[in-house]
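The structure appears below as structure tokens.
The values are calculated or read from the model by the stated rules, or taken from the named source; none is laboratory data. Note that the coordinates shown come from a computational prediction; the quantities given were computed from them, not determined experimentally. Neighbour counts are summed over all protein chains in view; Cβ atoms, including those assigned to glycine, are modelled from backbone coordinates with ideal geometry.
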Amino acid sequence: MINAQNLSFVYGGSFKAVDNLSFHIKKGEIVGFAGPNGAGKTTVIKMLTGVLKPATGNAVINGFDIVKNPLEAKNSFAYVADNPDVLLQLTGLEYINFIADVYKIDSKERADRVIDLADRFGMTDSLKLPMREYSHGMRQKLMIIAALTHNPPAWILDEPMTGLDPAAAYELKNLMKEHAAKGNCVLFSTHVLEVAEKLCDHILIINHGQELYQGTVEELETAHPGKDLENIFLDMIDYSKRD
Ligand SMILES: Nc1ncnc2c1ncn2[C@@H]1O[C@H](COP(=O)(O)OP(=O)(O)OP(=O)(O)O)[C@@H](O)[C@H]1O
Ligand SMILES: [Mg+2]
């Protein structure tokens, strides 16, 4: 459903932020994307979603190449970016409607979905307020509601848990599980390894733009007896030897 082949990206003509990364996410899977700050996760996600054009390789979402068939590909995924501070002059509902208009979501489906999502995230009363009056977590919840109002097969979420309170994080995890259980897929980046450990079928770990691991959490933990994902991760990124 999400197929990335040999993706690379170079910033400023010389800095290779992503180096020949390939992965495949199948229907029904939730995949956690981990790696230290600056590892290249956001850059990979921006290539998958068409924000950045890969230097090499390609990304195919739901059968559509993001560079060759951008409209079809973009109709196949919901994207939550890593920064929720956008269009803050709009009210939450205006922003949701703006995004829903872009995706041409009909008014009945839109209303049903927004009512349900706003209720699940405790945002019903805040939708009429300008987003500049929201807290960070409220902005993050609004970005999630707006992205998921459009309910396509693939969800691509860049650190979606950041700033969420425990109830909102719980709801988002449930939404991801429900979405995957219906035969869709979710890719999300996170620094919270406990979440990846509990929620994900597969994890993808990168550092310096290169793959360190992809596979199941179970296989990884079996290969490192007595260690949890956090300890394995710290070993992998050579935490003790970092400069
Ligand atoms: N616009 C840019 N111009 C130049 N270099 C950039 C730019 N954006 C990111 N980088 C560099 O690319 C590398 C990867 O950054 P990226 O944002 O993809 O990392 P990340 O894994 O998402 O990190 P974080 O966990 O902090 O979100 C970093 O070294 C970063 O400094
Ligand atoms: Mg990032």
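For the list (1) more than 16 Å from ligand 2 (Cβ to nearest atom); (2) closer than 21 Å to S76 by Cα; (3) modelled with pLDDT of 95 or more, I need the number of the one condition that S189 fails.
That leaves (1) as the condition not met.
Could you figure out which of (1) touching a strand residue (DSSP E or B) at 6+ places or on another chain (Cβ under 7 Å); (2) within 16 Å of ligand 2 (Cβ to nearest atom) isn't true of Q140?
The single condition Q140 does not satisfy is (1).
With the requirement that a residue be buried (at least 20 other Cβ atoms within 10 Å of the Cβ) and either more than 9 Å from ligand 1 (Cβ to nearest atom) or not hydrophobic (A, V, I, L, M, F, W, C) (or both), what does the range 9-22 give you?
Answer for the range 9-22, where residues must be buried (at least 20 other Cβ atoms within 10 Å of the Cβ) and either more than 9 Å from ligand 1 (Cβ to nearest atom) or not hydrophobic (A, V, I, L, M, F, W, C) (or both): just L21.
At pLDDT 95 or above and not assigned by TED's automatic domain parsing to the domain that holds G12: is that true of S135 in this structure?
yes
Take H136 and tell me if it is of a type outside the set (F, W, Y) and touching a Gly at 6+ places or on another chain (Cβ under 7 Å).
yes
Somewhere in the range 53-60, is a residue without any contact (Cβ under 8 Å) to a residue 24 or more places away in the chain and either among the basic types (K, R) or farther than 30 Å from I232 by Cβ (or both)?
yes
Are any of the residues in the range 68-77 within 11 Å of ligand 1 (Cβ to nearest atom), more than 24 Å from L193 (Cα to Cα), surrounded by 15 or more Cβ atoms within 10 Å (Cβ to Cβ) and not aromatic (F, W, Y)?
No, that holds for no residue.
Restricting attention to the range 77-98, which residues are within 30 Å of K26 (Cα to Cα) and either part of a strand (DSSP E or B) or modelled with pLDDT of 95 or more (or both)?
Once the filter is applied, which keeps residues that are within 30 Å of K26 (Cα to Cα) and either part of a strand (DSSP E or B) or modelled with pLDDT of 95 or more (or both), the range 77-98 yields F77, A78, Y79, V80, I96.
Could you grab the pairs with beta carbons closer than 6 Å, sequence gap of 6+ or different chains, first residue in the range 22-49 and within 13 Å of V186 (Cβ to Cβ) and in the same structural domain as E197 (by TED's automatic domain parsing), second one in a helix (DSSP H, G or I) and near ligand 2 (Cβ under 9 Å from one of its atoms)?
Listed pairs, sorted by first residue: F33/K41.
Return the pair list, or none, for Cβ contacts closer than 7 Å from residues in the range 138-160 that are assigned by TED's automatic domain parsing to the domain that holds N184 to residues that are among the small types (G, A, S) and within 16 Å of ligand 2 (Cβ to nearest atom), at least 6 apart or on different chains.
From residues that are assigned by TED's automatic domain parsing to the domain that holds N184, the pairs are D158/A81; D158/S189; E159/S189.
Given (1) assigned by TED's automatic domain parsing to the domain that holds G13; (2) touching a Phe, Trp or Tyr at 6+ places or on another chain (Cβ under 9 Å), identify the lone condition not met by V67.
(2)
Return only the number of the condition from (1) surrounded by fewer than 22 Cβ atoms within 10 Å (Cβ to Cβ); (2) within 13 Å of P36 (Cβ to Cβ) that G209 does not satisfy.
The failed condition is (1).
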